[in-house]
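To start, I am sharing the structure in question, which I have written as structure tokens.
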Amino acid sequence: MTTGRFYARSVQTLGRLLGVEVCGIEQIPQGRALLVANHAFGFDVAFPIEAISRVTGRQVWALGEHLWWKVPVVRRIAASVGVVDGRRDVATRLLSDDQLVVVLPGGLREAVKPRELRYALLWGKRFGFVDVAVRTGSPIVPLACTGADEFFDFVGNPYARGRRWLHARGIPVPLPARILPIPHLVPLRYVVGEPISAAGVDPEDERAVHRLRREVEGALHELIEGALARRIGVPYP
């Protein structure tokens, strides 16, 4: 069995044991599409990727952190399971070839955020993924995750801590609230939203690109809010 097949079966088995739920896969277009997800714990994105691949029969590529490609062992493992270097040219090439690509614009900053910022989208000035979607004519599909943000209770500013402890910028050091970082058992739910068209947007029009990103953020926030509300039985339109 290849590494990829073993990985997919392992993710599927773990997903069943944890009761992972992935909804809305039928929303994914037939051709190219850029799936934009909130960056919760991070590696949990393997669950919706495996489910989408299994249901549609298509390869799903995930744009990974540049840092991973500086570590040979991590680079090989990531590549074997469909993770590619998250460069703009890589995403452009895949989308131009009518592939499905997943991006988590928040990156590490969003993955290790403190508990006070759970479910916040920390995208800052990152507009590259919107630019790629516009230039390749790819619909943007919001992919919301609830649950993974609650695995750990991180506290404080991990980047400030990294500067203090490691004397290095850009390397976060997350700190759990408890001495033993035992993860909470939280139900994981992923919801695929309706595609948002990037057609007709001028990539040179900065205001139009920013407007499209705000639309994507709004759609993703709405999916997250709906999933959280339904989880506790609150009616949500």
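Would you mind finding the one in A229, A198 that is among the small types (G, A, S) and over 24 Å from T56 (Cα atoms)? Even if it seems obvious, please write down each step before you answer.
Numbers: A198 fails: over 24 Å from T56 (Cα atoms).
After applying the criteria, what remains is A229.
Here is a check on your reading of the model: is R189 closer than 30 Å to D98 by Cα, modelled with pLDDT of 90 or more, charged (D, E, K, R) and touching a Gly at 6+ places or on another chain (Cβ under 7 Å)?
Details: closer than 30 Å to D98 by Cα: yes; modelled with pLDDT of 90 or more: yes; charged (D, E, K, R): yes; touching a Gly at 6+ places or on another chain (Cβ under 7 Å): yes.
When the stated conditions are applied, R189 passes them.
In this structure, does R189 turn out to be of a type in the set (K, R) and free of Cβ contacts under 8 Å to residues at least 60 places away in the same chain?
Values: of a type in the set (K, R): yes; free of Cβ contacts under 8 Å to residues at least 60 places away in the same chain: no.
Answer is no for this residue.
Report every pair of residues separated by at least 6 positions or lying on different chains whose Cβ atoms are under 6 Å apart, first residue within the range 107-122 and over 12 Å from F152 (Cα atoms), second not in a loop (DSSP other than H, G, I, E, B).
Once the first residue is over 12 Å from F152 (Cα atoms) and sits in the range 107-122, its partners that are not in a loop (DSSP other than H, G, I, E, B) give Y119/D149; Y119/I224; L121/E217; L122/R109; L122/E110.
In addition: Return only the number of the condition from (1) among the hydrophobic types (A, V, I, L, M, F, W, C); (2) assigned to a strand (DSSP E or B); (3) in contact with an Asp or Glu (Cβ under 8 Å, 6 or more places away or on another chain) that V101 does not satisfy.
(3)
Any chance you could count how many residues in the range 70-97 are exposed (fewer than 13 other Cβ atoms within 10 Å of the Cβ) and at pLDDT 80 or above? Don't jump to the end; show me each part of the working.
First, the residues of the range 70-97 that are exposed (fewer than 13 other Cβ atoms within 10 Å of the Cβ): 70-73, 76, 89, 97.
Remaining after also requiring at pLDDT 80 or above: 89, 97.
Total meeting the criteria: 2.
Ok, one more. Count, please, the residues in the range 151-176 that happen to be closer than 24 Å to V45 by Cα, surrounded by 15 or more Cβ atoms within 10 Å (Cβ to Cβ) and without any contact (Cβ under 8 Å) to a residue 24 or more places away in the chain.
3
Can I ask one more? Do you know which residues across the range 8-39 are in a helix (DSSP H, G or I) and under 28 Å from R126 (Cβ atoms)? Talk me through it step by step, then tell me what you get.
Just the residues of the range 8-39 that are in a helix (DSSP H, G or I), to begin with: 8-18, 25-27.
Residues satisfying the conditions are V11, I25, Q27.
Which fully enclosed helices (runs of 4 or more DSSP H) of the range 120-234 have 2 or more residues being of a type in the set (D, E, K, R) and assigned by TED's automatic domain parsing to the domain that holds T92?
Numbers: elements: 128-136, 158-166, 206-231.
So the answer is 128-136, 206-231.
Would a scan of the range 42-53 turn up a residue that is assigned to a loop (DSSP other than H, G, I, E, B), at positive phi and modelled with pLDDT under 80? Walk me through it before giving the result.
Here is the first cut: in the range 42-53, the ones assigned to a loop (DSSP other than H, G, I, E, B) are 42.
From the residues that got through so far, the ones that are at positive phi too are 42.
Checking the rest, the ones that are also modelled with pLDDT under 80 come to 42.
The answer is yes; a qualifying residue exists.
Further, regarding this structure: Does L180 meet the test of being at pLDDT below 95 and surrounded by fewer than 12 Cβ atoms within 10 Å (Cβ to Cβ)?
On the way: at pLDDT below 95: yes; surrounded by fewer than 12 Cβ atoms within 10 Å (Cβ to Cβ): yes.
In short, yes.
The values are calculated or read from the model by the stated rules, or taken from the named source; none is laboratory data. Keep in mind it's a predicted model, so treat the numbers as computed, not measured. With ideal geometry, Cβ positions are generated from the backbone for all residues, glycine too; neighbour counts draw on all protein chains shown.
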